[in-house]
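Down below is the structure, laid out as structure tokens.
The values are calculated or read from the model by the stated rules, or taken from the named source; none is laboratory data. Bear in mind the structure is a predicted one, so any value in this text is a computation, not a measurement. Here the Cβ is made from the backbone with ideal geometry for all residues, glycine too, and neighbour counts use every protein chain on show. Remember, those area values only see protein heavy atoms, side chains included, never the ligands or the DNA or RNA. Shrake-Rupley method; radii C 1.70, N 1.55, O 1.52, S 1.80 Å.
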Amino acid sequence: MLEIKDVCMSRGGKQLFCNQSFVVKEGEIINVTGEKGCGKTSLLLAIMGMLPIDSGYITVDGELLTVDSAETFRTMMAYLPQNLLLPYANISDLIEDLSSLKSNKKRCSKEQLMTFWGELGLDASLYDKNCSDVTMEVQRLIILSVFYFCPKPIVLVDEPMTMEECQLLRKISQQGSALIVTGQDNVCDKRLILKTEI
Amino acid sequence: MELSILGLCLGLLLLVVPLFIMYRYRLKILPKALMGITKMIVYLCVTGFFLKYVFEWNNTFINLLWMILLVVLASFTTIIKAKLKLSRFFVPVCSGILVSAVVVGIFFLLFVTGLKNPFDARYFIPVVSLLIGNMMEVNYKALSVYYMGLKYHNQLYYYLLGNGATHSEAVAYFVRRALEKVSIQNIANMSVIVVGLSPLVMWSMLLSGASVLAAVEYQILIMIATFCVSMISVVITLWVARHYSFDEYGQIKDAVQHIDVNQSL
């Protein structure tokens, strides 16, 4: 599904990591760990084709990820950043904007989402709440619930925060998505520790 | 209605009143006021000097050159007021102003006023100048809203891009905010006309002897044309600016502000 081969990355003249390789297949979760500033987020951005790599290559289904192909490959990806500082007024706007992207072939109905939220222990009233009244942990769960209903082959999650989030990531992987998760190692099939040199 | 030298001097004499009040109440803006008044007189005299010949020659090529000069000046002002990088935004802003002013201006002169030659200096220059001048104030605010939005809420842009959004989808929120700014500003200008904003076109036409009906019609149509020009201009500017504002990886270039992705995400 997704292969990273001998990848080296640097930012601002500082080498982050070098010669890192891994393969993540459908339904697998790989956990990327390392010290703060070791390039975990940068690696996710490189997988999305939003940052250059110094050497090595990244392939998706055997096709090389390049500047030109990145936009197409991103349509196969879902991404949850570490900090959710999004300027949405309401949770409903957050959900609507995400689920209505052209890259989502399947749209989730509000009823389906509410039923699923019930299983996750999330209150249905959250849907109409202001984003400022909902904690970041819960907003992350809400976004992941949209990922569950609008499944993508590759899911990138930066620093999961709670156990509930990890459980939801497992549910998403069981649908056949390949997950690359940074930070938390509570949920993973493989582990990669980012180092400057191997 | 021509002014006599004496009339002109008496008109200028009116300046004594505000200047005296500033002096009497020791306002610290007296030097600034004098500088502003001098600049206005010099600019208008220079403009008038050139316009005299432009109107006398009434040559389509020269009229178009005059319009391009106005577009360049308006672009400089817009970019500087929006606090953007001149080198990076000159082409996009120029394109937006030029295309919208030409398209709407020619439509207005050709179809609304029914002129056979829309490039006649007497009509072409005032109409195009009014459109460019009026849209400038609105456009710099819209561009400022767009780029400040990208600067302070870039997390949204990267988040949507990472979720497979096209570039247009990822910047849609910021484009909406910019276009809302243009619309609100134009609607506000329209709704406070007479009360808050003087209908200059109407008063000028009445001064030059036009009928009240014609003056009112022109005022309304110029306001609508300005609204139209502003919207088109912002859309074109943002579309062209895409190639100057984002790099090949979709990262926002430092034209706006250097953004550390690791911190912002």
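Within the range B:189-206, track down each residue that is farther than 16 Å from B:Pro126 by Cα, free of Cβ contacts under 8 Å to residues at least 24 places away in the same chain and open to solvent by less than 90 Å² (accessible area, probe 1.4 Å).
B:Ser191, B:Val192, B:Gly196, B:Leu197, B:Ser198
For a quick check of your reading: which helices (runs of 4 or more DSSP H) sit entirely within the range A:40-138 and have at least 2 residues that are farther than 18 Å from A:Pro153 by Cβ? Break it down stepwise before answering.
Details: elements: A:40-47, A:70-74, A:91-99, A:110-120.
Helices (runs of 4 or more DSSP H) meeting the threshold: A:40-47, A:91-99, A:110-120.
Give me the residue from the range B:237-257 that is assigned to a loop (DSSP other than H, G, I, E, B) and at pLDDT 85 or above and, out of that set, farthest from the other protein chains (Cβ to nearest Cβ).
Across the range B:237-257, the extreme among qualifying residues is B:Asp247.
Could you check A:Gly27 against (1) part of a strand (DSSP E or B); (2) more than 14 Å from chain B (Cβ to nearest Cβ); (3) open to solvent by less than 60 Å² (accessible area, probe 1.4 Å); (4) of a type outside the set (D, E, K, R) and say which number it fails?
(1)
Among the residues of the range A:157-198, write down those that are outside any loop (DSSP other than H, G, I, E, B), acidic (Asp, Glu) and surrounded by 18 or more Cβ atoms within 10 Å (Cβ to Cβ).
Initial filter on the range A:157-198 (outside any loop (DSSP other than H, G, I, E, B)): A:157, A:163-174, A:178-182, A:190-193.
Now drop any that are not acidic (Asp, Glu), which leaves A:164-165.
Listed by number, the list holds a single entry, A:Glu165.
Go through the range A:70-95 and count every residue that is away from every other protein chain (no Cβ under 12 Å) and polar (S, T, N, Q).
2
Looking at A:Ile142, A:Ile172 in this structure, which one is under 25 Å from A:Glu71 (Cβ atoms) and either of a type outside the set (Phe, Trp, Tyr) or in contact with a His (Cβ under 6 Å, 6 or more places away or on another chain) (or both)?
Values: A:Ile142 fails: under 25 Å from A:Glu71 (Cβ atoms).
Testing whether each residue is under 25 Å from A:Glu71 (Cβ atoms) and either of a type outside the set (Phe, Trp, Tyr) or in contact with a His (Cβ under 6 Å, 6 or more places away or on another chain) (or both) leaves just A:Ile172.
Pull up the range B:172-188, narrow it to residues that are closer than 16 Å to B:Ala225 by Cβ and among the β-branched types (Val, Ile, Thr), then point me to the one that is surrounded by the fewest Cβ atoms within 10 Å (Cβ to Cβ). Working first, answer last.
Initially, the range B:172-188 is screened for residues closer than 16 Å to B:Ala225 by Cβ, giving B:182-183, B:185-187.
Next, only the ones that are among the β-branched types (Val, Ile, Thr) stay: B:182, B:187.
Values: B:Val182: 23, B:Ile187: 11.
Here the residue is B:Ile187.
Across the range B:142-171, what is the total count of residues that are over 18 Å from A:Leu85 (Cβ atoms), open to solvent by 10 Å² or more (accessible area, probe 1.4 Å) and at the interface with chain A (Cβ under 9 Å from one of its Cβ atoms)?
Within the range B:142-171, residues that are over 18 Å from A:Leu85 (Cβ atoms), open to solvent by 10 Å² or more (accessible area, probe 1.4 Å) and at the interface with chain A (Cβ under 9 Å from one of its Cβ atoms) number 3.
From the list A:Glu164, A:Glu159, A:Glu137, pick out the single residue that is of a type in the set (Asp, Glu), closer than 25 Å to A:Leu101 by Cβ and modelled with pLDDT of 90 or more. It would help to see each step written out before you state the result.
On the way: A:Glu164 fails: modelled with pLDDT of 90 or more; A:Glu159 fails: modelled with pLDDT of 90 or more.
One residue alone meets the criteria, A:Glu137.
Within the range B:74-90, is there a residue that is touching an Asp or Glu at 6+ places or on another chain (Cβ under 7 Å) and either open to solvent by 60 Å² or more (accessible area, probe 1.4 Å) or not small (Gly, Ala, Ser) (or both)? I'd like the intermediate steps shown before the answer.
In the first step, residues of the range B:74-90 are kept if they are touching an Asp or Glu at 6+ places or on another chain (Cβ under 7 Å); the result is none.
No.
Looking at A:Ser69, A:Ser10, can you tell me which residue is surrounded by 13 or more Cβ atoms within 10 Å (Cβ to Cβ), in contact with an Asp or Glu (Cβ under 6 Å, 6 or more places away or on another chain) and farther than 17 Å from A:Leu192 by Cβ? Lay out the reasoning, then the answer.
On the way: A:Ser69 fails: in contact with an Asp or Glu (Cβ under 6 Å, 6 or more places away or on another chain).
None of the others qualify; the one that does is A:Ser10.
Mind counting the residues in the range B:13-43 that are modelled with pLDDT of 90 or more, among the hydrophobic types (A, V, I, L, M, F, W, C), open to solvent by less than 90 Å² (accessible area, probe 1.4 Å) and not in a loop (DSSP other than H, G, I, E, B)?
The number of residues fulfilling the criteria is 10.
Checking the structure you have, find out if any residue of the range B:228-237 is touching a Pro at 6+ places or on another chain (Cβ under 9 Å) and under 30 Å from B:Val112 (Cα atoms).
Filtering the range B:228-237 down to residues touching a Pro at 6+ places or on another chain (Cβ under 9 Å) leaves B:236-237.
If we keep only those that are under 30 Å from B:Val112 (Cα atoms) too, we end up with B:236-237.
Scanning the range B:228-237, I find at least one residue that is touching a Pro at 6+ places or on another chain (Cβ under 9 Å) and under 30 Å from B:Val112 (Cα atoms), so the answer is yes.
Say whether the condition of being touching a Cys at 6+ places or on another chain (Cβ under 7 Å), within 13 Å of another protein chain (Cβ to nearest Cβ), part of a helix (DSSP H, G or I) and under 20 Å from A:Ile91 (Cα atoms) is met by at least one residue in the range A:143-156.
Pass one, the range A:143-156, residues touching a Cys at 6+ places or on another chain (Cβ under 7 Å): A:146, A:149-150.
Still in the list and also within 13 Å of another protein chain (Cβ to nearest Cβ): A:146, A:150.
If we keep only those that are part of a helix (DSSP H, G or I) as well, we get A:146.
Filter again for under 20 Å from A:Ile91 (Cα atoms), leaving A:146.
There is at least one residue in the range A:143-156 that is touching a Cys at 6+ places or on another chain (Cβ under 7 Å), within 13 Å of another protein chain (Cβ to nearest Cβ), part of a helix (DSSP H, G or I) and under 20 Å from A:Ile91 (Cα atoms).
Check off (1) assigned to a helix (DSSP H, G or I); (2) open to solvent by 40 Å² or more (accessible area, probe 1.4 Å); (3) small (Gly, Ala, Ser) for B:Gly209 and give me the number that stays unchecked.
(1)
If you go through the range A:30-54 one residue at a time, how many are under 12 Å from A:Ile193 (Cβ atoms) and open to solvent by 10 Å² or more (accessible area, probe 1.4 Å)?
5
Just give me the residues in the range A:77-98 being surrounded by fewer than 18 Cβ atoms within 10 Å (Cβ to Cβ) and under 30 Å from A:Ile4 (Cα atoms), in sequence order. Step through it out loud before you land on a result.
Residues of the range A:77-98 surrounded by fewer than 18 Cβ atoms within 10 Å (Cβ to Cβ): A:83, A:85, A:87, A:89-90, A:92-93, A:96.
Across the range A:77-98, the qualifying residues are A:Asn83, A:Leu85.
Can you tell me which condition A:Thr135 does not meet? The list is (1) among the hydroxyl-bearing types (Ser, Thr, Tyr); (2) away from chain B (no Cβ under 14 Å); (3) closer than 27 Å to A:Ile30 by Cβ; (4) open to solvent by 20 Å² or more (accessible area, probe 1.4 Å), and all the others hold.
Going through (1) among the hydroxyl-bearing types (Ser, Thr, Tyr); (2) away from chain B (no Cβ under 14 Å); (3) closer than 27 Å to A:Ile30 by Cβ; (4) open to solvent by 20 Å² or more (accessible area, probe 1.4 Å) one by one, A:Thr135 breaks only (3).
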